[in-house]
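I have a structure here, written as structure tokens, and I will follow up with some questions on it.
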Amino acid sequence: MKARLIPVGAALAALAALAALSACGAAYAVTSLEGYTEAFSQISGDSRVWRLENPKLLAELRLKASPWQNVEGYLKAQSLSNKWDGERWENFLFLKEGHLKFRGDRIEAYLFSCQDRFWLNEPLLNMVSQDVIKDDYDGPKTQGVRLDAWNIWGLALSAFYTDKSTQYPTVQNPDIPAGNTSYGADLVSTDDYLGGRLRRAFLRDRLVVGATSARKDYSTGSRNYDAVAGGDFEAALGDLVPPLARLGRTTLFAEAGRNFSGWLEDDEDPVGWKAELRDIGIGPLTLVTSLHDYDDNFYTLGLAKGEVWDDNDYHGHYLQADYRLPRKAINLKVWRSREKPHNPTSTRQPFEETGGEVYVEFVHGFKGTVSYNRHINKDGTWPNLFFEVAGENKLAKIRTQFRVKDLGTDYQLRVYGFEADANLTANWKLYTRLLLVDEKTEARESVFAQIYSRGWQSAEFFIEYGNGDQSNDLVNDGDFVNHDSSSTSARVFKIFLKLSY
């Protein structure tokens, strides 16, 4: 387990300070103290040799105090004993997360550590991605301040500043100086992020305009920073233009932005925009469509999602139609997306995807889905066929799936998936997943099962078999359901005992 670490003395001082706040507050003071202790171990091996591995003892303490009205303090600390994980004794007690909060009639402010408080209500471009900023490999590692305000001259404001002090072993960090290969030395990243958004609604929320800006300063270099800014609007055309009222709300969203990063050349001016029309209703038919155009280097690596970063230097469209059969529990959906390089001389290749889906609800709580989609890129055409039947009642919830991946190609896979969550007794439950991949040259399986009990007061007991990460998305799992994968069921038992207090 990796986490943002603090010395034992600092953790105790933080706990003492928060306890002191609750003790010296007014009669309004409210303090709660809770937590849990968890013991974990696993047994793994093959048919001849089984061994006990990785015993852990984890204790967590959560302290929440409100010494004055509108003021809240929260601290979560953990203590970990992990015999074979190479932990140093200084890591025995560490801060997991914490914050101080003030909330008024029109304002809310946070001083936080190891929490994800970077969400901005940005409609389309996602120029500020909380997934990147929080660095959530083993939980958010950042600390900073956040401010939200509303109903101030009609404006709504959200802003944050954070310093991401993350420790990396030098052997794993691509930015270490050449020749430094010492495994024991740690490199601390001190990147800073600043982001904010203003929003103003008009005409009883029928028209909304907004602006977003963000900047990331790297640890070194005067021009080594990312910066992006943009503006957007939302218009309920169905409410603003009477002839369009028959089509429903018919909401138009549009956002445009520009990259101001310091590493850009002087003549570079990367911009991007996206427009989307939603809530178009024609009887039982609903439509959604969008257009976008992104220059090369429009998105910045430090501020946007990795997936969006890959889409820069493209323009394209998306269209989706949903049809609900009258008086039938049947929904039909078709969609099409298309991406082309923005620059005709670009080395990027166009790609597109089309698909359709039928969703049906049956009696007795069962429902089914059949979908087909086809992805086309420079390497060829990749069709996929998917079936699912699921149902639930008071005793159990089950889901069974079948998928043909890359239908008709040399990489075709047939995948079977099953998931069940059953109440064995009033206190004992069973959860299991089964995944079978059938290739031309081999068949592979992944089995995961969990039996757990909550029959004791404030206690939970789990026994697990297998690796649940192999089948998180059943037949759509991108790692296990892959032609290049050779993974099979992990022969491992895990035992948990959790006591809450």
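Among the residues of the range 361-373, is there at least one that is of a type in the set (S, T, N, Q), touching a Pro at 6+ places or on another chain (Cβ under 8 Å) and in contact (Cβ under 8 Å) with a residue 12 or more places away in the chain?
Within the range 361-373, one or more residues are of a type in the set (S, T, N, Q), touching a Pro at 6+ places or on another chain (Cβ under 8 Å) and in contact (Cβ under 8 Å) with a residue 12 or more places away in the chain.
E357 fails exactly one of the following numbered conditions: (1) at pLDDT below 90; (2) assigned to a strand (DSSP E or B). What is the number of that condition?
Failed condition: (1).
For residues that are modelled with pLDDT under 80 and on the phi < 0 side of the Ramachandran plot, tally how many sit in the range 134-157.
Result for the range 134-157: 7.
Please work out if T354 is surrounded by fewer than 14 Cβ atoms within 10 Å (Cβ to Cβ), among the hydroxyl-bearing types (S, T, Y), touching a Lys or Arg at 6+ places or on another chain (Cβ under 8 Å) and under 30 Å from D293 (Cβ atoms).
no
From the list E268, E276, E255, which one is of a type in the set (D, E) and touching a Lys or Arg at 6+ places or on another chain (Cβ under 8 Å)?
After applying the criteria, what remains is E255.
Restricting to the range 401-433, give me the number of residues that are in contact (Cβ under 8 Å) with a residue 40 or more places away in the chain and aliphatic (A, V, I, L, M).
Total satisfying the criteria: 2.
What residue, among those in the range 447-471 that are of a type in the set (D, E) and in a strand (DSSP E or B), is nearest to R433 (Cα to Cα)?
Applying the filter and picking the extreme gives E464.
Please verify whether the range 338-346 includes one or more residues that are surrounded by 14 or more Cβ atoms within 10 Å (Cβ to Cβ) and over 22 Å from T381 (Cβ atoms).
Yes, some residue in the range 338-346 is surrounded by 14 or more Cβ atoms within 10 Å (Cβ to Cβ) and over 22 Å from T381 (Cβ atoms).
Could you list, in sequence order, the residues of the range 447-492 that are touching an Asp or Glu at 6+ places or on another chain (Cβ under 7 Å) and of a type in the set (F, W, Y)?
Y452
Considering each of A422, A426 in turn, give the residue that is among the small types (G, A, S), outside any loop (DSSP other than H, G, I, E, B) and more than 26 Å from the chain's Cα centre (by Cα).
A422
Follow-up. Please work out which one of (1) at pLDDT 95 or above; (2) more than 28 Å from the chain's Cα centre (by Cα) is the condition K328 fails and give its number.
Only one criterion is unmet by K328, namely (1).
Being under 29 Å from L497 (Cβ atoms) and among the polar types (S, T, N, Q) narrows it down to one residue among T400, T381, T441, T432; which is it?
T432
If you take just the strands (runs of 3 or more DSSP E) that sit entirely in the range 1-84, which of them hold at least 3 residues that are of a type in the set (S, T, Y), more than 18 Å from G98 (Cα to Cα) and modelled with pLDDT of 55 or more?
Per the criteria, 30-45.
A further question on this structure: Based on what the data block shows, is S489 buried (at least 17 other Cβ atoms within 10 Å of the Cβ), part of a loop (DSSP other than H, G, I, E, B), out of contact with any Leu (no Cβ under 8 Å at 6 or more places or on another chain) and not charged (D, E, K, R)?
Taking the combined requirement at face value, the residue satisfies it.
Could you check the range 259-288 and list, in sequence order, the residues that are charged (D, E, K, R) and free of Cβ contacts under 8 Å to residues at least 40 places away in the same chain?
E265, D266, D267, E268, D269, R278, listed by residue number.
Does L407 meet the test of being modelled with pLDDT of 90 or more and over 28 Å from W382 (Cα atoms)?
Against the criterion (modelled with pLDDT of 90 or more and over 28 Å from W382 (Cα atoms)), L407 does not qualify.
The values are calculated or read from the model by the stated rules, or taken from the named source; none is laboratory data. The structure displayed is predicted, hence computed values, not measured ones. As a convention, Cβ positions derive from the backbone with ideal geometry for all residues, glycine included, and neighbour counts pool all protein chains shown.
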